Amino acid sequence: MKQDLRRLTRAAGTRLHHFHGGLRLRHHKQQSCRLPVARPPLPSRLTVPLQQHAGETVAACVQPGQRVLKGDLIGDGECQRGVNVHAPTSGHVEAVSQHLLGHPSGLAGPCVVIRPDGADQWRARQPLDDWQSLAGSELVQAICQAGIVGLGGAVFPTHRKMHHGQAARIHTLILNGAECEPFISCDEMLMREQPRKILAGARVLQHAIGAERTVIAIEDQMGAVREALEAAIAEPGAAAIDLVCVPAIYPEGGERQLIQVLTGQEVPSGGYPSDIGLLCQNVATAAAVADAILEDRPLLERYVTVTGSGVREPRNVLALVGTPIADLIEFCGGYAPDAARLVIGGPMMGYSLDSDAHPVVKATNCVLVLCHDEIASPQPEMPCIRCGECARVCPAQLLPQQLHWQIRNGLWEDAGASGLRDCIECGCCDFVCPSHIPLAQWFRHGKGELRARRRQQLAADHARERYLTREARLARQQAERAERMAQKKRALRDDAARQRKVAAAIGRAARKRSADSEPEPGP
Amino acid sequence: MLIPILTLMSLGLLFGLGLGWASVRFRQQGDPVIDRIDALLPQTQCGQCGYPGCRPYAEAIASGEADINQCPPGGEAGVRALADLLGREPKPLNPEHGEASLPSVAVIDEAICIGCTLCIQACPVDAIVGAPKQMHTVIAAECTGCDLCLPPCPVDCIEMVPHRPGATDWHWPRPMTAHAGGRP
């Protein structure tokens, strides 16, 4: 396999493999790539959610009224359960309170609200200049401190992924720059503007997990990116990193699909890429790692694509976490007159929001504003005609029509056995369905339901164990009490025997005394 | 004549010995049906079914003493699962045993608690910590929401708070669709 990969990367693009299904979509990326990346002005208030990753909510470690410096820890994830959150700029903590998160649930969550003081003053920074002499676990610890999560969209904690990688033997690090979803261009602009930073991050990651080599995968239509990366790789002192152009087929940027294209191997169902000796990171994550290790800058800001025909000047911005989405849109010229829908993420996997007051989080890669004529009017759903198009395009090689029927009828175990957990929610099946069945929505619902059931089952098992332990303890205590009672009774009985003996002795003595004291009969 | 008789007798002896050995070697510990019923019960240990816990109720179902529709926390889905397992017809929950309610967690008002330990003794899963004349509190993650700590409390300082889904345990709802679906 290794030789296979080596050969294909040497001959860039000639020995690529295929993944099943997928779609060729119109890119719509040019519109947001015309203007260079810019940093919007500091907002008047930053609302930083304490849960920005896949996992538990972290606890705030600042008080209202407290002054924080840029990069100060404000949410302590303790590295095991959660992911650290840092102050995006210097200022005062106005409140630690519940705010609406830009989440499809529309639920509120705990946030730290910071009023910036405009100084943007950093805390003391200690870059790890000697990172090459540090052990992998120390680098992973530093990555964990910096609160880095996968910036490709899944926001899985990077240090946890690295732990998996360190436990397995990783031979190849893959940097994923195949940004396949239409409209999104934040990774493309990052690779064009910061190729050296990405390569530096790749070197740190490769050193931390002990991989032998690194491959950067980009799409074949990213000409400017290719030039920028090739120039950076050719620079003296740069590490030998292979650049591979993969064909632009959606969802090529999915971790499993990209691995299949590069190596021809499939990541096992329910497994991780580390099971086959690979570690896959997004290019933006690599840049964040470089920031964290070489400059001691925790993850405070990210590239966000603000695009769509509903925005006057589509472009990429470098936004601080916690910036209201409305500020980004205003910076990009505001809404066009016929703007109709605000979507977070791309048109395939994103979700729409009803308000632009929500903050940018670590997961926000794209803010897409669509116009009236771009929104497909909701077509009435029709019964499935079993055309099989969905199965033909499914990149995970599932049978969407069967899964749909199982979820609809509540056959959860059957749906799980049919591979529902392997669905990557890419929406290809949805896109091609002639009956307009919202298949991806069904699968998201089904996956959530499976997770909830699993959680319930674990909770029930736990409660059963505690109940049985308590019953056993009560039974043991009762037995012990009964044993103590029996002992006491025995002691009492023994006591009674001794008392009888004492009484008998006293009786004997009394009789003897009375015999002695009897008057002698007179002579 | 003698040879077939001897052959059959020795065969019978051989098989008898084999079966006898197997019955000792592969003896089932406990009743597997009870375990499988118990696995389907929600383990709230609330006693609404009329038995002092989920396992006693499972034993009663297995012996035919109790019906399968006496568990309100399990809801209709629980009744269906039991009916599937036991090959019986599903039936609606028996209202005598209460109605299905949303999962909830007990919360002790610590300012009012007098530290009498009665709730600690009532909790079937040891989810309350405290000591005599000291404040008590509920370990929310361990609480099954069984309500059993409410009646013994002499100062009524325990309240059942319904569990609200947060952003971490939220999941996408069922899509709203016009047609009823069915087998494609």
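Other residues whose C-beta falls under 14 angstrom from the C-beta of B:Asp31 contribute a net charge of -1, scoring Lys and Arg +1 and Asp and Glu -1. In the stretch A:366-398, what residues drop by 50 Å² or more in accessible surface going from the chain by itself to the full protein assembly, probe 1.4 Å? The answer is A:Glu381 - residues whose exposure falls by at least 50 Å² when every protein chain is included. Per residue, the solvent-accessible area of the stretch A:194-258 (1.4 Å probe, heavy atoms of protein chains only, all protein chains present) comes to 34 Å². Local charge for A:His445 was computed over the other residues whose Cβ lies under 12 Å away, with Lys and Arg +1 and Asp and Glu -1, and equals +3. Against chain A, whose longest principal axis comes from its Cα atoms, helix A:439-517 is set at around 10 degrees.
Within the straight-line cut-off of under 22 Å between alpha carbons, none of the lysines are reachable from B:Lys91, sequence neighbours fewer than 8 places apart in one chain being disregarded. Of all stretches in chain B that contain no trypsin sites (Lys or Arg not before Pro) in a DSSP loop with at most 15 other Cβ atoms within 10 Å, the longest one is B:28-87. Rounded to the nearest whole angstrom, the semi-axes of the ellipsoid equivalent to the stretch B:1-69, taken from the Cα gyration tensor as √(5λ), stand at 47, 12, 7, largest first.
State the dimensionless ratio Rg/Rh of the stretch A:146-194 (Rg: radius of gyration of Cα atoms; Rh: Kirkwood radius). Don't jump to the answer; show the numbers that get you there.
Details: Rg = 13.0 Å, Rh = 12.7 Å.
The Rg/Rh ratio comes out at 1.03.
Taking amide H as placed 1.01 Å from N in the peptide plane, A:Asn282 has its amide H under 5 Å from the amide H of A:Leu151, A:Gly152, A:Asn176, each at least 5 places away in sequence or on another chain. A 1.4 Å probe over all protein chains sorts A:Tyr335, B:Tyr51 by accessible area into A:Tyr335, B:Tyr51, starting with the largest. Within the accessible area of the stretch B:1-81, the carbon and sulfur atoms contribute 66%, probe 1.4 Å, all protein chains present.
Amide H contacts of A:Gly410: none lie under 5 Å away among residues 5 or more positions distant or on a separate chain (H built 1.01 Å from N in the peptide plane; Pro and chain starts excluded).
Around the Cα centre of the protein assembly as shown, unit charges on the Cβ atoms of Lys, Arg, Asp and Glu (plus for the first two, minus for the last two) sum to a dipole of about 2180 debye.
Around the amide H of A:Gln194, modelled in the peptide plane, lies no amide H under 5 Å away from a residue 5 or more places distant or on another chain. Selection among A:Ser309, A:Ile385, A:Ala336 by position relative to the dipole of the stretch A:296-393 gives A:Ile385 as farthest towards the positive end (Cβ unit charges, Cα centre). Given a Förster radius of 56 Å and the C-beta distance between A:Leu35 and A:Glu413 as r, what FRET efficiency does 1/(1 + (r/R0)^6) yield to the nearest 0.05? Result of the calculation: an efficiency of 0.60. Remark: for residue pairs A:Lys488/A:Lys512; A:Lys488/B:Lys133; A:Lys70/A:Lys161; A:Lys161/A:Lys197, the C-alpha separation exceeds 32 Å in A:Lys488/A:Lys512. Accessible surface for B:Thr7 stands near 70 Å², nearest 10, in the context of the full protein assembly shown (1.4 Å probe). About the centre of its Cα atoms, chain B shows a dipole size close to 780 debye [charges on the beta carbon of Lys, Arg (+1) and Asp, Glu (-1) only; nearest 20 debye].
Using a Förster distance of 56 angstrom, determine the FRET efficiency expected from the C-beta separation of A:Gln265 and B:Arg164, and round it to 0.05.
Numbers: r = 43 Å, r/R0 = 0.78.
Efficiency, rounded to the nearest 0.05: 0.80.
Roughly how much accessible area, to the nearest 100 Å², goes out of reach of solvent when A and B pair up, both sides summed, probe 1.4 Å? Show your work: numbers first, answer last.
Numbers: alone 26130 and 13090 Å², together 36000 Å².
In total, this chain pair buries about 3200 Å².
Round to the nearest 0.05 the FRET efficiency obtained for A:Ala452 and A:Glu212 when R0 = 41 Å and r is the Cβ-Cβ distance. Rounded to the nearest 0.05, the efficiency is 0.50.
Within the accessible area of the stretch A:391-451, the carbon and sulfur atoms contribute 50%, probe 1.4 Å, all protein chains present.
Taking only the Cα atoms of the stretch B:32-97, how large is their convex hull per residue, in Å³?
Numbers: hull volume 4.6 nm³, N = 66.
Per residue, the Cα convex hull of the stretch B:32-97 comes to 70 Å³.
Kindly provide log₁₀ I(q)/I(0) values, in the same order as q = 0.08, 0.11 Å⁻¹, from the Debye equation applied to equal alpha-carbon scatterers of the protein assembly as shown. Debye intensities relative to I(0), on a log10 scale: -0.79, -1.26.
Sorting A:Glu449, B:Glu110, A:Glu252 on solvent-accessible area from highest to lowest, probe radius 1.4 Å, gives B:Glu110, A:Glu449, A:Glu252. To the nearest 10 square angstrom, what accessible area does A:Asp296 show with a 1.4 Å probe? Spelled out: A:Asp296, probe radius 1.4 Å, area about 30 Å². Simple rule: put +1 on each Lys or Arg Cβ and -1 on each Asp or Glu Cβ in chain B, find the dipole, and look at B:Ser63, B:Val33, B:Leu19; the Cα lying farthest toward the positive end is B:Leu19. Taking the stretch A:205-221 and a reference point 7 angstrom along Cα→Cβ of A:Asp130, no backbone N atom is nearer than 16 Å.
Tell me the net charge near A:Ala167. Cut-off is 15 Å between Cβ atoms, A:Ala167 excluded, with +1 for each Lys or Arg and -1 for each Asp or Glu. Surrounding charge for A:Ala167 is +2.
Treat every Asp and Glu Cβ in the stretch B:32-97 as -1 and every Lys and Arg Cβ as +1, leave all other atoms uncharged, and give the resulting dipole magnitude about the Cα centre to the nearest 20 debye. Don't skip to the answer; put the middle values down first.
Numbers: 5 positive and 9 negative charges, 19 e Å.
So the magnitude is around 100 debye.
Annotation: per residue accessible area for the stretch A:51-186 equals 40 Å², rounded to a whole number [probe 1.4 Å, protein chains only]. Which residues of the stretch A:415-450 bury at least 20 Å² of accessible area once all protein chains are present, versus their chain alone (1.4 Å probe)? At a threshold of 20 Å² (probe 1.4 Å), the residues of the stretch A:415-450 that become less exposed are A:Gln441, A:Trp442, A:Arg444, A:His445, A:Gly448. In angstrom, the C-alpha Rg and Dmax of chain B are 25.4, 93. Residues of the stretch A:77-121 buried by at least 20 Å² of accessible area upon assembly of all protein chains, compared with the chain on its own (1.4 Å probe): A:His103, A:Pro104, A:Ser105, A:Leu107. Counting only protein heavy atoms and a 1.4 Å probe, the stretch B:32-97 has 47 square angstrom of accessible area per residue.
A simple rule links phi to the HN-Hα coupling: the Karplus curve 6.51 cos²θ - 1.76 cosθ + 1.60 with θ = phi - 60°, which for the stretch A:416-427 gives x, 5, 7, x, 4, 5, 7, 5, 9, 6, 6, x Hz, with x for Gly and Pro.
The values are calculated or read from the model by the stated rules, or taken from the named source; none is laboratory data. All figures in this text were calculated on a predicted structure; none of them were measured in a lab. Glycine also receives a Cβ, built like all others from the backbone with ideal geometry; neighbour counts cover every protein chain displayed. Surface areas here come from the heavy atoms of the whole protein model, side chains and all, with no ligands, DNA or RNA. Shrake-Rupley method; radii C 1.70, N 1.55, O 1.52, S 1.80 Å.
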